[in-house]
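*Asks:* Structure incoming, see below.
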Amino acid sequence: MKTPAYAAATPHAPLAPTTIERREPGPHDVVFDVLYCGICHSDIHQARDEWGGGLFPMVPGHEIVGRVLRVGSGVTKFKVGDLVGVGCTVDSCRTCSQCRDGAEQFCEQGTAFTYNGTEMDRKTPTYGGYSARMVVTEHFVVRIPEGIEPSRAAPLLCAGITTYSPLRQWNCKPGDRVGVVGLGGLGHMAVKLAAAMGAEVTLLSTSTRKEADARRMGAQGFALTTDPTTFERLSGHFDLIIDTVSAEHDYNAYLGMLRPRGTMVLVGAPPTPTPVSAFSLITGNKRLVGSMIGGIAETQEMLDFCAARGIASDVELIPIQDVNAAYERMMKGDVRYRFVIDMASLPKE
Ligand code: NAP
Ligand code: ZN
Ligand code: ZN
């Protein structure tokens with residue numbers, strides 16, 4: 001089916017209107033109208049091919065909330081009219097050990113990512129949520145619980161799960177001292193989620209003007225990473241650091257703020273590598289780990305956790321015509337705290 005969308009034709013082109021072809025729905029597919037799509041910094045990295053290997057034309061968008069329009073005859077989880085979400089993945093083999101373990105994002109056959117990837121046939125390109133409509137197999141569709149405003153739920157599908165998953169994996173609990181680096185899309189969700197899990201959260205930021213917002217979101221502490229005394233003052237302070245920064249920075253300095261046996265999780269994905277000194281880890285048996293999104297069941301768990309605690313993203317709703325301007329503002333850290341595209345602005349023809 002022909003579907004209006006916004007695409008980057010090449011790595012250096014601004015996003016512009018286009019039309020893409022979506023598959024005709026099969027028995028296990030859910031067809032939905034996209035209502036809202038969040039803008040993740042990964043959209044910028046990929047649309048500009050900063051990570052390399054990008055597939056163009058590219059329709060970004062993996063924080064998607066929509067309303068079900070049609071379901072295949074074998075669909076059991078959803079019905080017409082349901083409010084649904086799709087995150088960073090749209091298919092996987094579902095039989096390998098990673099898939100069976102609920103880590104579809106690490107499928108041994110290769111996950112089908114929502115965009116800048118291929119379907120499991122390894123030929124058909126996938127196109128993301130900056131589009132009017134999607135067709136996704138039901139396993140990869142989640143339910144948006146009642147009580148979360150749909151536009152504010154969209155960023156949970158990537159920013160939410162990407163920060164929820166490592167907080168759970170590293171057992172964030174009441175009394176833990178958690179540092180969150182960067183208050184953007186991921187960072188603001190990390191602050192809210194860690195605070196809801198009972199941690200004592202400190203925001204580590206380059207922006208003085210974000211302090212009041214961080215405290216409103218649940219942070220008890222705030223420190224400027226542009227001030228070198230921060231790294232001395234907070235030396236050995238944190239049990240867990242969630243690093244969401246999208247640009248190059250010195251991991252060694254941040255590792256110094258961990259307590260012995262503490263853990264620093266990289267979720268931010270700067271395109272350039274950064275050297276890590278062995279001594280930053282040896283001294284204090286510290287862990288430097290990564291984390292990539294989360295599985296489908298865990299995504300549903302995160303959505304239900306947010307609904308139960310009244311947590312949602314702080315969003316700036318924009319028409320799709322403003323997407324390129326939003327990218328420029330995000331490059332300057334000027335985001336409060338997620339741009340979400342109101343897809344009603346996309347002409348349907
Ligand atoms: P974002 O909304 O643009 O926020 C990034 C924040 O990092 C900025 O708001 C800023 O916060 C801080 N920052 C930016 N440049 C900086 C610099 N040069 N030095 C220090 N701080 C800087 O981005 P996002 O959507 O949250 O994504 C963040 C990163 O996570 C991206 O690299 C993205 O690709 C990655 N990501 C990874 C996963 C995963 O599965 N691991 C999933 C989604 C996204 P302050 O103003 O507070 O300093
Ligand atoms: Zn993302
Ligand atoms: Zn698999």
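*Asks:* Can you compute 3J(HN,Hα) from phi for each residue in the stretch 213-229, using the Karplus curve 6.51 cos²θ - 1.76 cosθ + 1.60 with θ = phi - 60°, rounded to whole Hz and x for Gly and Pro?
*Replies:* Running phi through 6.51 cos²θ - 1.76 cosθ + 1.60 with θ = phi - 60° gives 5, 4, 5, 4, 7, x, 6, 8, x, 8, 9, 8, 7, 7, 9, x, 5 Hz.
*Asks:* Ok, one more. Whole-Hz Karplus ³J(HN,Hα) for the stretch 237-242, in order, using 6.51 cos²θ - 1.76 cosθ + 1.60 and θ = phi - 60°, x for Gly and Pro?
*Replies:* 8, 9, 7, 8, 10, 9
*Asks:* For the pair residue 220/residue 9, report the inter-label distance in nm, with labels modelled 7 Å from Cα in the Cβ direction.
*Replies:* It is 5.5 nm.
*Asks:* Per Stokes-Einstein, at 20 °C and 1.002 mPa s, what whole-number D in µm² s⁻¹ belongs to the stretch 153-226, with the Kirkwood radius over Cα pairs as the hydrodynamic radius? Present the calculation step by step, with values, prior to reporting the outcome.
*Replies:* Values: Rh = 12.0 Å.
Translational D for this selection: 179 µm²/s.
*Asks:* On a 0 to 90 degree scale, rounded to 10, what angle separates helix 185-196 from the longest Cα axis of the chain?
*Replies:* Result, in degrees: 70.
*Asks:* For a quick check, take a GNM of the chain with Cα springs below 10 Å and name the residue from 114, 230, 89 with the largest mean-square fluctuation.
*Replies:* Residue with maximal mean-square fluctuation among 114, 230, 89: 230.
*Asks:* Angle, helix 159-169 long axis vs. longest principal axis of the chain, Cα atoms, 0 to 90°, nearest 10?
*Replies:* 50 degrees
*Asks:* Under a cut-off of 19 Å between alpha-carbon atoms, report the aspartates and glutamates in cross-link reach of residue 173, not counting same-chain residues fewer than 8 places apart.
*Replies:* Once the sequence-local aspartates and glutamates are set aside, what remains near residue 173 is 200, 239, 243, 298, 301, 304.
*Asks:* Using only Cα positions of the chain, each an equal point scatterer, no hydration layer, compute I(q)/I(0) via Debye at q = 0.08, 0.12, 0.13, 0.14 Å⁻¹ and quote the log10 values to two decimals.
*Replies:* Reported log10 I(q)/I(0), two decimals: -0.37, -0.83, -0.97, -1.12.
*Asks:* Can you list the lysines whose alpha carbon is less than 17 Å from that of residue 348, not counting same-chain residues fewer than 8 positions off?
*Replies:* 2
*Asks:* What are the ³J(HN,Hα) couplings of the stretch 102-116, residue after residue, when phi is run through the Karplus curve with 6.51, -1.76, 1.60 and θ = phi - 60°? Round to Hz, x for glycine and proline.
*Replies:* Coupling constants for the stretch 102-116: x, 10, 4, 5, 10, 3, 5, 8, x, 5, 8, 7, 4, 8, 6 Hz.
*Asks:* Now a separate question. For the modelled label position 7 Å from the Cα of residue 143 along Cα-to-Cβ, which residues of the stretch 290-309 have backbone nitrogen atoms closer than 11 Å?
*Replies:* Inside the label zone: 304.
*Asks:* Exactly which GluC sites (Glu not before Pro) in the stretch 200-309 are in a DSSP loop and have at most 12 other Cβ atoms within 10 Å? Provide the component values of the computation, followed by the final result.
*Replies:* Values: sites: 200, 211, 232, 248, 298, 301; in loops: 248.
Here the sparse-neighbourhood loop sites are 248.
*Asks:* Run lengths n ≥ 4 of DSSP H only: what is the helix-derived mean residue ellipticity at 222 nm for the chain, with -39500 (n - 2.57) per run over all residues, to the nearest 500?
*Replies:* Details: 11 runs with 82 residues, N = 349.
So the calculated ellipticity at 222 nm is -6000 deg cm²/dmol.
*Asks:* Here is a follow-up. For a distance above 27 Å, tell me the whole-number percent of Cα pairs in the stretch 159-290 that qualify. Intermediate values should be presented prior to the final figure.
*Replies:* Numbers: 700 of 8646 pairs.
The calculated P(r) of the stretch 159-290 puts 8 percent of pairs beyond 27 Å.
*Asks:* Name the aspartates and glutamates eligible as straight-distance cross-link partners of residue 79: C-alpha to C-alpha under 17 Å, and not fewer than 8 places from it in the same chain.
*Replies:* Counting by Cα, and skipping residues close in sequence, residue 79 has these aspartates and glutamates nearby: 29, 33, 138, 146.
*Asks:* Which translational diffusion coefficient, to the nearest whole µm²/s, is obtained for the stretch 131-181 from the Stokes-Einstein equation, given a Kirkwood hydrodynamic radius over C-alpha pairs, 10 °C and 1.306 mPa s? Present the calculation step by step, with values, prior to reporting the outcome.
*Replies:* Numbers: Rh = 13.7 Å.
Result for D is 116 µm²/s.
*Asks:* Which of the trypsin sites (Lys or Arg not before Pro) found in the stretch 1-78 are loop residues per DSSP with 12 or fewer other Cβ atoms within 10 Å of their Cβ?
*Replies:* Details: sites: 2, 22, 23, 48, 67, 70, 77; in loops: 22, 23, 48, 77.
Qualifying residues, ordered by number: 23.
*Asks:* Can you pull out the chymotrypsin sites (Phe, Trp or Tyr not before Pro) in the stretch 17-95 that DSSP calls coil and that have at most 13 other Cβ atoms within 10 Å? Before the final figure, lay out each step's value.
*Replies:* Working: sites: 32, 36, 51, 78; in loops: 51, 78.
Here the chymotrypsin sites (Phe, Trp or Tyr not before Pro) that fit, given the DSSP loop and packing criteria, are 51.
*Asks:* Could you calculate the FRET efficiency of residue 77 with residue 345 from 1/(1 + (r/R0)^6), where r is the beta carbon distance between them and R0 is 25 Å, rounded to 0.05?
*Replies:* Working: r = 29 Å, r/R0 = 1.17.
Computed FRET efficiency for residue 77 and residue 345 comes out at 0.30.
*Asks:* In addition: Which whole-number value in Å³ per residue fits the convex hull of the alpha carbons of the stretch 85-138? Mind dumping the intermediate values first?
*Replies:* Details: hull volume 4.3 nm³, N = 54.
Normalising the Cα hull of the stretch 85-138 by residue number yields 80 Å³.
*Asks:* Before anything else, pin down the relative contact order of the chain: Cα pairs under 8 Å, at least 6 apart, normalised by residue count, whole percent. Intermediate results must be reported in sequence, preceding the final value.
*Replies:* Values: 840 pairs, mean separation 62.7, N = 349.
RCO, the chain: 18 percent.
*Asks:* For the stretch 65-136 and the stretch 283-343, write down the distance between their C-alpha centroids in whole Å.
*Replies:* If we compute the Cα centre of each part, the gap is 19 Å.
*Asks:* Relative to the Cα centre, what is the charge dipole magnitude of the stretch 1-148, using +1 at the beta carbon of each Lys and Arg, -1 at the beta carbon of each Asp and Glu, and rounding to the nearest 20 debye? Present the calculation step by step, with values, prior to reporting the outcome.
*Replies:* Details: 14 positive and 17 negative charges, 71 e Å.
Dipole size: approximately 340 debye.
*Asks:* Taking the Cα centre of the stretch 159-290 as the origin, how large is its charge dipole in debye, to the nearest 20, when only Lys and Arg (+1) and Asp and Glu (-1) carry charge on their Cβ atoms? Numbers along the way, then the final one.
*Replies:* Working: 13 positive and 10 negative charges, 75 e Å.
The dipole magnitude comes to about 360 debye.
*Asks:* Mind checking the angle between helix 296-309 and the chain's longest principal axis? C-alpha axes, 0 to 90 degrees, to the nearest 10.
*Replies:* 70 degrees
*Asks:* So for the stretch 27-181, considering every pair of alpha-carbon atoms, how many percent are separated by more than 22 Å? Before the final figure, lay out each step's value.
*Replies:* Values: 5293 of 11935 pairs.
Tail fraction, whole percent: 44.
*Asks:* Going by amide H atoms built from the backbone, whose H comes under 5 Å of the H on residue 89, apart from near neighbours?
*Replies:* Residues meeting the criterion, in which the H sits 1.01 Å from N, are 114.
*Asks:* What is the order of 134, 120, fewest Cβ neighbours within 10 Å to most?
*Replies:* Fewest to most other Cβ atoms nearby, the residues stand as 120, 134.
*Asks:* Could you tell me the relative contact order of the stretch 159-290? Use alpha-carbon pairs under 8 Å, at least six residues apart, and round to a whole percent.
*Replies:* Numbers: 276 pairs, mean separation 28.2, N = 132.
Computed value for the stretch 159-290: 21 percent relative contact order.
All of the numbers you see were taken from the coordinates with simple rules; none came from a lab. Keep in mind that what you see is a predicted model, and the values were worked out from it rather than measured. Cβ atoms come from the backbone with ideal geometry, glycine included; neighbour counts cover every protein chain shown.
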